[in-house]
Amino acid sequence: MEEGIDVKNIGLRGVKVADTRISDVDGEKGILIYRGYNIIDLARSSTFEEVSFLLLNDHLPTQEELKRFQSEIVPERKIPEAILEMMKWLPKSANPMDVLQSAVPVLGSYDPHLNEETREANLKKTLRLMPKLPILVAVWDRIRKGKNPVLPRSDLTHAGNFLYMLSGSLPDPDTARDFDTCLVLHAEHSFNASTFAGREVASTHAHLYASVAAALGALSGELHGGANSEVMRMLLEIGEVSRVNSWVREKLQKGGKVMGMGHAVYHTEDPRAGILRKISQKLAERTGERKWYEITEAIEVATREEFRKIKGKEIYANVDLYSASVYHMMNIPVDLFTPVFAISRVSGWTAHIIEEKFAEAQPKAELYRPDADYVGTYCGPQSCEYVPIEERSK
Ligand SMILES: CC(C)(COP(=O)(O)OP(=O)(O)OC[C@H]1O[C@@H](n2cnc3c(N)ncnc32)[C@H](O)[C@@H]1OP(=O)(O)O)[C@@H](O)C(=O)NCCC(=O)NCCS
């Protein structure tokens, strides 16, 4: 060991690396709080705009504060012409998460405060970036389909405007409200993989846009944010409620994973899954298309039963299980499910990046620098003899 303590924890499960004032997850009781407020109350009564203010400012906004917040973010519903042009040149098959991840640092180069490292300047950067993410996603979806981008509307909510820019038609108020609740539910979740990636990059003193780009990369993987698209692919593959039991049994017996089930922190039901289950059921009733809700529910039941038989323990639905059917019923394309997650999580990421940089709570970590045991080639204390390339036989 070069430095530090000689303890190995693969995957860093349960290792505390900082203090945070932003959110807390009680994995045993299934409780999630944002800045002290229970996610169930926030999902019921709040909006994405209010929650973003809360995450960034450590208190719920007054009406006046919310109005000011909105007046700062709404005019930022636009992207530079050059990024629009850049997107037109990309292959239509480009993964939307990759498009998003490449556009974010470029957006940084248009920010006059890019290299100003104060808390206030980083808040300004956040208020500029947050409203641009939905624009990037909606515009990319239109471009790749050969359609003209739809201009944003300043009279719509963050959630409503995204749905409008995606489809070109106004969402019905119930759908816009349900989508807003989805954004509230996904906005923050403590030291998950993408947030940690963002904080780690911020700890190097990289700027906020670079830190968000790192978080986007981490979110794209199927074990994290990519799971919601994978859940939808699973639903499409199964196709019928009658096929669920045999599909799940075969999957688990072969040692495969059922996407949308299990969680690294929750050992009981993820509170967000319960809320999304209800939204999925409501949408199924509203749209008259019950199939996707019913398949999802059957998968949850079958996985829990089969898991109990095989492993002798419980497994529960996570946030991604029901969000897949919800987004599908909202006509959001499958490969935009993870970008939709990002549109919401950016408020949590930026709150964490600012906390990392300006140490509201924790003893300031200068730079994350874990360690590893070297298990590679070893030629003894003298190290391996370097043979010039022309003398090497293989
Ligand atoms: C999220 C996830 C990576 C957490 O994994 P984890 O921290 O290893 O979870 P646990 O320690 O509780 O896993 C215990 C056991 O259950 C298994 N398991 C966990 N989730 C599973 C799933 N969805 N399907 C099948 N088996 C699963 C693990 O492989 C492990 O098996 P083992 O004891 O034989 O090694 C995992 O549950 C998973 O891959 N889920 C599917 C992907 C997903 O939905 N991701 C979104 C998370 S919000």
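Okay, here's what the table says:
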quantity	calculated
Most mobile listed residue (A121, A351, A159) in the chain, GNM with C-alpha springs under 10 Å	A121
Per principal axis, descending, Cα span of the stretch 221-354 in whole Å	45, 35, 22
Estimated dipole of the stretch 227-329 in Debye, rounded to 20 [Cβ of Lys and Arg +1, of Asp and Glu -1, Cα centre]	160 debye
GNM flexibility winner over the chain from K16, K29, K67 (Cα, springs under 10 Å)	K16
Size of electric dipole in the chain: Cβ of Lys, Arg +1 and of Asp, Glu -1, about Cα centre, debye, nearest 20	1100 debye
Given charges at Cβ of Lys, Arg, Asp, Glu: the chain dipole, positive-most of C379, L127, L321	L321
Additional length obtainable on full extension of the chain from I310 to K145, 0.36 nm per residue less Cα span	55.0 nm
Theoretical gain in end-to-end length, S109 to Q253 [0.36 nm per residue, Cα-Cα removed]	46.8 nm
Sites D41 and D174 - FRET efficiency at Förster radius 25 Å, r taken between beta-carbons, to 0.05	0.80
Positive-end residue of G11, S203, A94, charge dipole of the chain with Cβ unit charges	A94
Cα centroid separation - the stretch 237-312 against the stretch 37-82, whole Å	32 Å
Most mobile of R369, R153, R249 in a GNM of the chain (Cα contacts under 10 Å)	R369
Kirkwood Rh and Cα Rg combined as Rg/Rh, the chain	1.00
Spacing of the two label points (7 Å from each Cα toward its C-beta) at K16 and K67, in nm	4.2 nm
Rounded FRET efficiency, nearest 0.05, which uses the C-beta distance separating Y368 from T118 and R0 of 22 Å	0.50
Contact order normalised by residue count of the chain, Cα under 8 Å, 6+ apart, percent	24 percent
Positive-end residue of T47, L235, H158, charge dipole of the chain with Cβ unit charges	L235
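Bear in mind that the values in this text are calculations on the coordinates, not laboratory data. Not measured: the values here are computed from a predicted model. FYI the Cβ positions are ideal-geometry reconstructions off the backbone, even for glycines, and counts take in every protein chain you see.
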